[in-house]
Amino acid sequence: MHKSVVYGVWLLILFTAGCSSKETRKEELVDKDADPILDPYFEIVDALSNDDFKAVQKAGMELYNVEASAGPKLALVRMGRLIVEAPSRLEQQNVFLQMGVVLPLYLEQISLHDFPIYKFRCTEVFDGKEGVWFSRTKESFNPYKGKRSKECIELTETIAPVKQIEE
């Protein structure tokens, strides 16, 4: 079985296992450096954009060390482990492709951030698949192309800061 299919199956298992419980969010403004999921995620984006295999592993380990019990947060934490164990940059990118599916759920359901987050896409990632990624800055490099590439980048959305959550 192809490894990207295995990662897809893992994603489905992780996500469905954690969907039954919602994490509670506090009603407060959170410092931009306080999110244990977003910080390593943004480090992974930067490391992939710079073709830095070891830095991707390091950021993946930071993500994997976050405590999580359910939902998109748990799925992202487990993907941190998968990205650490990936034997090549291509396999890291395959895991990262799956992160782009789960991170919007994390942003919608759990994350509090006091800064805008920019969503980008590239329609030519792997075999015509679309890849998405998120950044703290409006200027981004393509983590799927590496070497600080500006090729195939489309800004698709600006996610406003989350200051208060109603529950």
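Derivation of every value follows stated rules applied to the coordinates shown; laboratory data play no part. Keep in mind that what you see is a predicted model, and the values were worked out from it rather than measured. Every residue, glycine among them, receives a Cβ derived from its backbone with ideal geometry; neighbour counts consider all protein chains shown.
Below is a table of values for the structure above.
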| item | result |
| --- | --- |
| Under-5 Å amide H pairs with Glu157, H placed in peptide plane, nonlocal only | Lys119 |
| Cα→Cβ-extended label distance, 7 Å offset, between Glu154 and Asp114, nm | 3.5 |
| Segments 115-127, 133-145 sorted - mean Cβ within 10 Å per residue, highest first | 133-145, 115-127 |
| Nitroxide proxy distance, nm - points 7 Å out along Cα→Cβ at Ser69 and Glu91 | 3.3 |
